[in-house]
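Computed from the coordinates by the stated procedures, all read-outs in this text should not be read as laboratory data. What you see is a predicted model, and the numbers here were worked out from it, not measured in a lab. Here the Cβ positions follow ideal geometry from the backbone for every residue, glycine too, while neighbour counts run over all protein chains shown.
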Amino acid sequence: MRETNWAGNQTFTAERIFRPRTVEQIQDAVAGAPAVKPLGSGHCFNDIADCPGGVQLDLSALDMDVVLDAESSTVSVPAAARYGDIAVQVHAAGFALANLASLPHCTVAGTVATATHGSGRRNQSLASVVSGLELVAADGELKTFSRHDGVVVGLGALGVVTRLTLDLVPSFDLRQDVFDGLAWESVYEHFDEIQDAGHSVSLFTNWARDEVDQVWVKGPGQPGADFFGATAADGPRHPAHAAGIPADNCTRQLGVTGPWHERIPHFRLDFTPSIGNELQTEYFVPIRHAVEAMEAMRELGHRLAPVLLTSEIRTVAGDELWLSPFQGGDRLALHFTWLPDEKAVRELLPVMEERLAPFDVRPHWGKLFHRAADYPKLPDFRALADGLDPGGKFRNPFVRRHVLRES
């Protein structure tokens, strides 16, 4: 049986897909298989979730409850839970997650394993709120880890995560305001002020025009009708509005206040996320290089624009997770949503990475990139992988190529 990822550009090559209903079934499957890989929502654009000739574990049928502990302000969730689903339960209990990604459709375990993030100068990646997790190691034993053990951003290389515990904050409301036409000069001059204007701020561009197409500000208060020279949008916008994409699947805009989980994501859970038929790339550079990195991409604008649906510029707060792209400090995120032309995209990636190389660039683990970055704790992570998986059953080609550097 063959399945593809969400974008359809990766066909999984596992010999079979197994859908366990209990942790015990996961333990038996892992212990008895020569090669294993968990399969999340499929929102990956490279071969990180592939398992050639082995067994892929689809955990969507796992029979586990969401358990909220109000006293400790935590929620324990099964690995395959989607953020959009657990957010409703968390909000109903008076709590919130500090941040969410653009898509509420992704599984918690898959999002955490790749350090997927939202936006906001003071908001860390979604992996940062993981206080503990349970993982089935290569021998089938169920092990428990804390956020300090190096396993949170695990890339599927350490075992099969079955349950995660997430820190919560009190529930809160936000509004979402969109502005059109922000001059690049204003972006450069007021970058810190723009990024501090809300809980979450995103800029959308194709890099080839003289101005940023849109600015999305998600915050508790009204940012004003004139936003550093940009004007308030006269109707709902899609991130790829300039490409003619309607805003039907986007969360509510135009300054209408609503609960956190209905405003932080760009897209609604009950619709096809983003555009659907697309590819994605994302790079991260330290905040101190923000203007230089944006200028470097603008210099490539004439080459990027023909293959691009839209590009998002945002910020993410730093953390100390071993293989998090935000390890060591705050970073600028440069996200690219491409047309489904993988050959053209892959030809651009080395060029983009060369331009960003002087700025300590790190790619998103789950999206298309050419070369992985080095991390200070990478040797420790490799030692951890050797201890938990001495036979290499979780070491698919992606892990061997980009993490262990075996080929």
Inset, instruction - In debye, nearest 20, what is the charge dipole magnitude of the range 16-60 about its Cα centre with +1 on Lys and Arg Cβ and -1 on Asp and Glu Cβ, if you could check? - result: 100
Legend entry - Ordering of 210-222, 22-34 by packing [mean C-beta count within 10 Å, highest first]: 210-222, 22-34
Inset, instruction - As a check on your grasp of the helix formula, calculate [θ] at 222 nm for the chain: sum -39500 (n - 2.57) over DSSP H runs of n ≥ 4, divide by the residue count, round to the nearest 500. - result: -5000 deg cm²/dmol
Legend entry - the range 81-151: Rg to Rh, with Rh as the Kirkwood radius over Cα pairs: 1.00
Inset, instruction - Please name which of Ala115, Cys51, Val67 has its Cα lying farthest along the dipole of the chain towards the positive end, using unit charges on Cβ (Lys, Arg +1; Asp, Glu -1) and the Cα centre as origin. - result: Cys51
Inset, instruction - Take Ile194, Ile86 and order them by how many other Cβ atoms sit within 10 Å, fewest up front. - result: Ile86, Ile194
Legend entry - Dipole of the range 331-407, positive direction: furthest Cα of Val345, Phe369, Gly392, with charges on the beta-carbon: Gly392
Legend entry - Residues Lys377, Lys37 arranged by fewest to most Cβ contacts within 10 Å: Lys377, Lys37
Legend entry - Descending principal axes extents, the range 173-363, alpha-carbon based, whole Å: 42, 34, 34
Legend entry - lysines with Cα under 16 Å of Lys393, excluding same-chain neighbours fewer than 8 positions away: Lys37
Inset, instruction - Only Cα pairs under 8 Å and at least 6 apart count here; give the relative contact order of the chain as a rounded whole percent. - result: 18
Inset, instruction - Enter the Cα centre distance for the pair the range 303-358 and the range 119-196, rounded to the nearest angstrom. - result: 17
Inset, instruction - Could you grab the Rg to Rh ratio for the range 229-339? Cα atoms only, Kirkwood for Rh. - result: 0.99
Inset, instruction - Count the DSSP beta bridges whose two residues both fall in the range 1-159, then state the antiparallel fraction as a percent rounded to the nearest 5. - result: 60
Legend entry - Where only C-alpha atoms are counted, convex hull volume of the chain per residue in Å³: 126
Legend entry - Packing rank of 148-155, 56-63, 199-206, 67-74, where each peptide gets the mean count of other beta carbons within 10 Å, highest leading: 199-206, 148-155, 56-63, 67-74
Legend entry - Cα-centred dipole magnitude for the chain, charges only on beta-carbon of K, R (+1) and D, E (-1), debye, nearest 20: 720
Inset, instruction - Rank the residues Tyr375, Tyr188 as a footprinting-exposure proxy: fewest other Cβ atoms within 10 Å of their Cβ go first. - result: Tyr188, Tyr375
Legend entry - Relative contact order computed over the range 62-171 (Cα-Cα under 8 Å; 6+ residues apart), in percent: 31
